[in-house]
Amino acid sequence: MRVGMFTYFGFPPDIRIENEANALVEAGHDVTVLASERITRHHVHALDAVRVKYVRLPYGPFPLASPPYLRRILRSCNLDVLHIQDAPGSSAAAIAARSLSLKVVLDLHEVWFLLRLYDPRLGGWRSPLKFAHLAWTSCEDLVSTRISDVVITIVEEMSDYYQRRFGVSPGKLHAIKNLVNLREFTGLTPAELPSQGFYVTYVGGMESYIRNLEPIVRAASHLVDMPDIKFLMVGDGAYRPRLEQMAKTLGVQDKLIFAGRVPRDKALSYMLASDICILPHLRTPLTDMGLPHKITQYLAAGKPVISTPLRPITRMFSEAIYQWYPSTPERLSEIVRDLYSNPALRQGLALAGYDLVHKEYNWEIEKKKLISIYDSLS
């Protein structure tokens, strides 16, 4: 089938879109990614065997493309299926696809209602701007889930949410998890770190308080008696200057290394070079319905992982992670000390996680669900 993968955001990079598009191409489908011309930083004509087409999409406080405008774009692509990647713009895209008698697959990466609810940039609970965003995202979800033939989420807890809140039929819902593509590690070697030491590494964005990165900096101040222990922060975002300033204020700038935004293979090489990896996200209703790629990437790198007890992670990986609870700087420093002084514990967690991702939780296995969905649409 001829599949169009539509995203209101930029592409590349997007690891989920890349994995799904390549899986469908390998299964014999023809795939074109339709991405925002304005938001994409580096345009490409193709990525592996996936074609990429850039379209002009208006963007204001909300995704504003109209169904007639998207209908013209979709008609020019001669598609059989529109695969909508995430909620923004999904209602207009689904209406446009339906008007052309296309099959519609809605692939939800986030619960955008909760993402907006916890977004401090939109003001407090009574802010008109926040209310407008919550109303808009609710309408998007209601319309697009009704119109779509298939609704994909990233984890079972998220599927349960859409079934409860919007009445989406269980037969329409499918959870396709964000899992490591083991091929990404082929040929990689550990990165050369700036200095000798015992490295606790975070890889990811620094643009939201939900990432819960400040306790990592504060934990470093409880470990000044252990100069070997260093924290490697790989990524970038609005919170990075605040974290760097906090490290200076606490006098631990020598224990924190900010590597900045790096290509994906470099980020994976940093994981391979680390002693421990950490997923510090705050536990909220939003994060309890998510599954960051980094958790299975950490485990595939063969590293012990410290993680806050998010529901999907404890359900799938409880024997392979050291749970950080309560999520205080003091408790984190205690966990790091424990792992530092106990090589057998580190090895046990690492082996358990490595085994789980190689036998059960990896993209090579998970992609079969996506291929099965498309077989049913044929």
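Just one of (1) touching a Leu at 6+ places or on another chain (Cβ under 9 Å); (2) in contact (Cβ under 8 Å) with a residue 60 or more places away in the chain fails for residue 247. It is (2). Could we say that residue 65 is in contact with a helix residue (DSSP H, G or I) (Cβ under 9 Å, 6 or more places away or on another chain), of a type outside the set (Asp, Glu) and at pLDDT below 90 here? For residue 65, the condition - in contact with a helix residue (DSSP H, G or I) (Cβ under 9 Å, 6 or more places away or on another chain), of a type outside the set (Asp, Glu) and at pLDDT below 90 - is met.
Of the candidates 271, 289, 246, the single residue that is touching a strand residue (DSSP E or B) at 6+ places or on another chain (Cβ under 7 Å) and at pLDDT 95 or above is 271.
Within region 23-61, restricting attention to residues that are part of a loop (DSSP other than H, G, I, E, B) and among the hydrophobic types (A, V, I, L, M, F, W, C), the residue that is nearest to residue 366 (Cα to Cα) is 27.
In region 93-116, the residues that are closer than 12 Å to residue 75 by Cα reach residues that are part of a loop (DSSP other than H, G, I, E, B) with C-beta atoms within less than 7 angstrom, at least six apart or across chains, in these pairs: 102/79; 102/80. A Cβ distance below 6 Å, combined with a sequence gap of six or more or placement on separate chains, defines the contacts here; from region 251-277, residues that are free of Cβ contacts under 8 Å to residues at least 24 places away in the same chain reach residues that are outside any loop (DSSP other than H, G, I, E, B) and hydrophobic (A, V, I, L, M, F, W, C) in the pairs 253/247. Applying the criterion of being surrounded by fewer than 24 Cβ atoms within 10 Å (Cβ to Cβ) and of a type in the set (A, V, I, L, M) to the residues of region 1-23, the residue that is nearest to residue 371 (Cα to Cα) is 23. Looking at region 307-378, the helices (runs of 4 or more DSSP H) lying wholly inside it that each contain 2 or more residues that are among the aromatic types (Phe, Trp, Tyr) sit at 363-377.
Restricting attention to region 111-136, the residues being in contact with a Leu (Cβ under 8 Å, 6 or more places away or on another chain) and surrounded by 15 or more Cβ atoms within 10 Å (Cβ to Cβ) number 11. Yes or no: residue 267 surrounded by 22 or more Cβ atoms within 10 Å (Cβ to Cβ), assigned to a helix (DSSP H, G or I) and of a type outside the set (Lys, Arg)? The answer is no for residue 267.
For region 7-37, the candidate set comprises residues that are of a type in the set (S, T, N, Q) and more than 19 Å from residue 182 (Cβ to Cβ); within that set, the residue that is nearest to the chain's Cα centre (by Cα) is 7.
Of the residues contained in region 9-32, none is found to be in contact with a Cys (Cβ under 7 Å, 6 or more places away or on another chain), modelled with pLDDT of 90 or more and not β-branched (Val, Ile, Thr).
Yes or no, residue by residue, for (1) of a type in the set (S, T, N, Q); (2) assigned by TED's automatic domain parsing to the domain that holds residue 191:
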position: 287; (1), (2): yes, yes
position: 293; (1), (2): no, yes
position: 298; (1), (2): no, yes
position: 318; (1), (2): yes, yes
position: 349; (1), (2): no, yes
position: 353; (1), (2): no, yes
position: 367; (1), (2): no, no
position: 372; (1), (2): yes, no
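Taken together, the criteria exclude residue 296 from residues that are without any contact (Cβ under 8 Å) to a residue 40 or more places away in the chain and in a helix (DSSP H, G or I). State yes or no: is residue 200 assigned to a loop (DSSP other than H, G, I, E, B) and in contact (Cβ under 8 Å) with a residue 12 or more places away in the chain? Spelling it out, it is not the case that residue 200 is assigned to a loop (DSSP other than H, G, I, E, B) and in contact (Cβ under 8 Å) with a residue 12 or more places away in the chain. Restricting 168, 143, 105 to residues that are in a loop (DSSP other than H, G, I, E, B) and closer than 20 Å to residue 91 by Cα narrows the list to 168. The residues in region 108-140 that are under 24 Å from the mean Cα position of the chain (by Cα) and either under 22 Å from residue 33 (Cβ atoms) or outside any helix (DSSP H, G or I) (or both) can be counted, and the count is 8. Restricting region 137-189 to residues that are among the hydroxyl-bearing types (Ser, Thr, Tyr) and closer than 23 Å to residue 374 by Cα, the residue that is surrounded by the most Cβ atoms within 10 Å (Cβ to Cβ) is 153.
The values are calculated or read from the model by the stated rules, or taken from the named source; none is laboratory data. No experiment lies behind these values; they were computed from the predicted model shown. All Cβ positions, glycine included, derive from the backbone under ideal geometry; neighbour counts span all protein chains shown.
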